[in-house]
Structure formats: structure tokens, C-alpha cells
Amino acid sequence: QGWVEGQLPQDLVWSDRDLNAVLIEEEKVRTLSRSSAQITFRDESRLRLNANSQALIQRMRVDPLSREEEAKVSLIEGDFYALLAGKSQRKSFELEIPEVETAIDSTNFWVRRDTSGSKFTNYDEGVRQVSAQGESVDLGRNEATLVRTGAPPSDKIDILQAPELQAPQDDDVVFNASVELAWSG
């Protein structure tokens, strides 16, 4: 959606990527302002790059006999949401971020990287380990950590629950031209 560009390993310039474009190993993908891109792997695992993000697809391998898939993605800047699921048993998914090491057993997580550091959030039961400067944090379900540039990971914190609608009640019929919504804190 919007402006999505790619750069093949042999190219010096960025070029537009069409919807359903096939990506190769060592290809860079970036999204510009008000844009997003979804990268879908053969096993239907997905990465969603949000606006102003850049990632490098370092490795995408499939073993046709065992139907296991191996992938390695490097987040250069910006953020992405990952949903690693699908028909096959994923053998490994590696995420490379400068100054940070990760071990991923999770299938549902979010990552952001900018000049101040990196943010990691885990949304499922699988553990996600984040290490930097000789220290590590294991993130469980709905937990997050921040790794500032040149610093170890912060203590893990619980992410906020989604707000709930308080008014109008579910299935209420409202006849006004404007409806005022009230949400929990």
C-alpha cells in the first residue's frame, strides 16, 4: 500500500515494487511515508513493514522433503509486525538488529528500530529472548523491553490491554446523528 520500493543485490538504485512481487535473497525492501508492505513467505508466515521502514531479506530457504522453512531478516530501520504461522513447521526464523541478539520461539511479535535504540514486544506464549551488552531478557506473552543504543535491555514490562467500549453498550440502537463513544482507560 502506498510507495513500496526494493533494491536487488546487484542494483545501485531503488525501484518500485508491484503488488505480489516476488522477492529474492539479499533484496532490500523499504516503505515510504503513509505506506506499508506485507511480505508473505511460502508457509504463509507474514511480516508487515509499517511506514518509513527498511528490511533486508538475508535468507529464505525451503527444504522440500521436510517442508521446513528457514528465514533471516535484518531490520535496518523502522518497524515490523511478524506473524510466523502457516502450513509448515518453521525450522528457524532469525532477526538481525545491530547491537542486539534475539532468539525467537515466538510466532507473534513486533519490533521497532531507530537511532535511539530498539523496542521488542511479544504477543504469544512462545518465549522471545533479547540480549545486548552481555545481559538478556526473556519476553513472555504480552511483555516488552527497550534496548537503547549501547545499553543492555531494560527490565521487561507488561504491555497495556486494549481499551474496552463503555458506552454505548454492545447492540444498543442509537438514533442520533452523532454518537459519542466512551472507552475504558
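The values are calculated or read from the model by the stated rules, or taken from the named source; none is laboratory data. These numbers come from a predicted model, not from an experiment. Please note: Cβ atoms are built from the backbone with ideal geometry, for glycine as well, and neighbour counts cover all protein chains shown. Side chains included, ligands, DNA and RNA excluded: accessible areas come from the protein's heavy atoms. Shrake-Rupley method; radii C 1.70, N 1.55, O 1.52, S 1.80 Å.
Annotation for the range 148-169: at least one member residue is touching an Asp or Glu at 6+ places or on another chain (Cβ under 9 Å) and closer than 23 Å to Gln38 by Cβ.
Conditions (1) small (Gly, Ala, Ser); (2) without any contact (Cβ under 8 Å) to a residue 12 or more places away in the chain, marked per residue:
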| position | (1), (2) |
| --- | --- |
| Asn20 | no, yes |
| Ser74 | yes, no |
| Val111 | no, no |
| Ser118 | yes, no |
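When the range 42-58 is filtered for residues that are under 24 Å from Gly2 (Cα atoms) and not in a strand (DSSP E or B), the ones remaining, listed by number, are Arg42, Glu44, Ser45, Asn50, Ala51, Asn52, Ser53. Of the residues making up the range 168-176, not a single one is in contact with a Ser or Thr (Cβ under 9 Å, 6 or more places away or on another chain) and touching a residue at least 12 places away in the same chain (Cβ under 8 Å). With respect to the conditions (1) within 20 Å of Leu8 (Cα to Cα); (2) at pLDDT 90 or above; (3) not charged (D, E, K, R), Met60 lacks only one, and its number is (2). Looking only at residues in the range 133-185 that are over 25 Å from the mean Cα position of the chain (by Cα) and open to solvent by less than 50 Å² (accessible area, probe 1.4 Å), the one that is farthest from Thr115 (Cα to Cα) is Pro168.
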